[in-house]
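Questions regarding the structure given below will be posed in turn.
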Amino acid sequence: MSQIIDYSEEVMEHFTNPRNVGEIENASGVGTVGNAKCGDIMRIYLDVDDNQIIRDCKFKTFGCGAAVATSSMATEMIKGKSIQEALKLTNKAVMEALGGLPPVKVHCSLLAEEAVHAALWDYAQKHNITIEGLKPPV
Ligand code: FES
Ligand code: FES
């Protein structure tokens, strides 16, 4: 028997109408992460300007509705922010902005945080800079 999961209105809204879907050509940084728990994959593209501000941000997610909704919300939340601010984005903050996620879907929101970090790491590598507090992707 299938289980019906109760999603918030915000989650359903971002799932049906996700923001920032796609790719960025010649992106400043790209991060791809997979979820060991379910096998889903998320990729985030960053376009960072000379002042280290995220000018644009896109994502591709091969995963469930909660993963799509968290990617959509996470990209919205880091657009226009500095790389330092983007680093501070937590899955908890994304979940809160989405009005919460059911417990079985919390791992989906972790993908978004990890993908942002991986993209920041890639950006730092390509530009030969150190972002304080950023750990290499596992
Ligand atoms: Fe299928 Fe995550 S395992 S959506
Ligand atoms: Fe795995 Fe959502 S079920 S990302």
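The values are calculated or read from the model by the stated rules, or taken from the named source; none is laboratory data. These figures come from a predicted structure and were not determined experimentally. Neighbour counts run over all protein chains shown; Cβ positions are idealised from the backbone, glycine included. Keep in mind that these areas ignore ligands, DNA and RNA; they rest on the heavy atoms of the full protein, side chains included. Shrake-Rupley method; radii C 1.70, N 1.55, O 1.52, S 1.80 Å.
Residues in region 98-112 near a label at Glu85, defined as backbone nitrogen under 19 Å from the 7 Å Cα→Cβ point?
Answer for region 98-112: 98.
Cut-off 10 angstrom, C-alpha nodes, Gaussian network model of the chain. Which of Lys105, Lys126, Lys60 fluctuates the most?
Lys126
Same structure, new question: Rounded to the nearest 20 Debye, what is the dipole magnitude of the chain about its Cα centre when Lys and Arg each give +1 and Asp and Glu each give -1 at the C-beta?
Result for the chain is approximately 280 debye, rounded to the nearest 20.
Using heavy-atom solvent-accessible surface (probe 1.4 Å) with all chains present, what is the largest-first order of Met42, Met95?
Details: Met42 0, Met95 30 Å².
Sorted by accessible area, descending: Met95, Met42.
Mind checking the dipole of region 67-138: about its Cα centre, +1 per Lys or Arg Cβ, -1 per Asp or Glu Cβ, Debye to the nearest 20? Before the final figure, lay out the partial values.
Details: 7 positive and 7 negative charges, 3 e Å.
Taking the Cα centre of region 67-138 as origin, the dipole is about 20 debye.
Figure the gain on full extension for Glu9 and Thr130 (residue separation times 0.36 nm, minus the Cα-Cα span) and round it to one decimal in nm. It would help to have the intermediate numbers written out before the result.
Values: separation 121, 0.36 × 121 = 43.56 nm, distance 3.87 nm.
This chain segment gains 39.7 nm when fully extended.
Follow-up. Top to bottom by accessible area (1.4 Å), largest first, where do Tyr7, Tyr45 land? Don't skip to the end; give the middle numbers.
On the way: Tyr7 60, Tyr45 20 Å².
My answer, sorted largest first, is Tyr7, Tyr45.
Among the lysines, select those whose C-alpha is under 26 Å from the C-alpha of Lys105, and discard any that sit fewer than 8 residues away in the same chain.
Hits, sequence-local ones excluded: Lys37, Lys58, Lys60, Lys79, Lys88, Lys92, Lys135.
Would you please classify the overall shape of region 13-65 from the alpha carbon gyration tensor, given that a ≥ b ≥ c denote the square roots of the eigenvalues, rounded means a/c under 1.5, and beyond that prolate means a/b larger than b/c while oblate covers the rest?
oblate
Can I ask one more? Return one number: the angle in degrees, 0 to 90 and rounded to the nearest 10, between the long axis of the Cα atoms of helix 65-78 and the longest principal axis of the Cα atoms of the chain.
30
So, with a 1.4 angstrom probe, what is the percent of accessible area on the chain that is carbon and sulfur? Show your work: numbers first, answer last.
Values: 3840 of 7570 Å².
Accessible surface attributable to carbon and sulfur in the chain totals 51 percent.
Could you state the accessible area per residue of the chain in Å², with a 1.4 Å probe and every protein chain left in place?
Details: 7570 Å² over 138 residues.
On a per-residue basis, 55 Å².
Which of the listed residues, Ala118, Gly31, Pro136, is farthest toward the dipole's positive end in the chain, when Lys, Arg count +1 and Asp, Glu count -1 at the beta-carbon?
Pro136
According to the square roots a ≥ b ≥ c of the eigenvalues of the Cα gyration tensor, what is the shape class of the chain, taking rounded for a/c under 1.5, prolate for a/b larger than b/c otherwise, and oblate for the remainder? Please list the in-between numbers first.
Details: a/c = 1.98, a/b = 1.78, b/c = 1.11.
Prolate.
Relative to the longest principal axis of the chain, what angle (0 to 90°, nearest 10) does the C-alpha long axis of helix 106-126 take?
10
Ignoring everything except DSSP H segments at least 4 long, calculate the 222 nm mean residue ellipticity for the chain; use -39,500 (n - 2.57) per segment, divide by total residues, nearest 500.
Working: 5 runs with 55 residues, N = 138.
Only helices count here, giving -12000 deg cm²/dmol.
Could I ask something else about it? Cut-off 10 angstrom, C-alpha nodes, Gaussian network model of the chain. Which of Leu87, Leu111, Leu120 fluctuates the most?
In the Gaussian network model the winner is Leu87.
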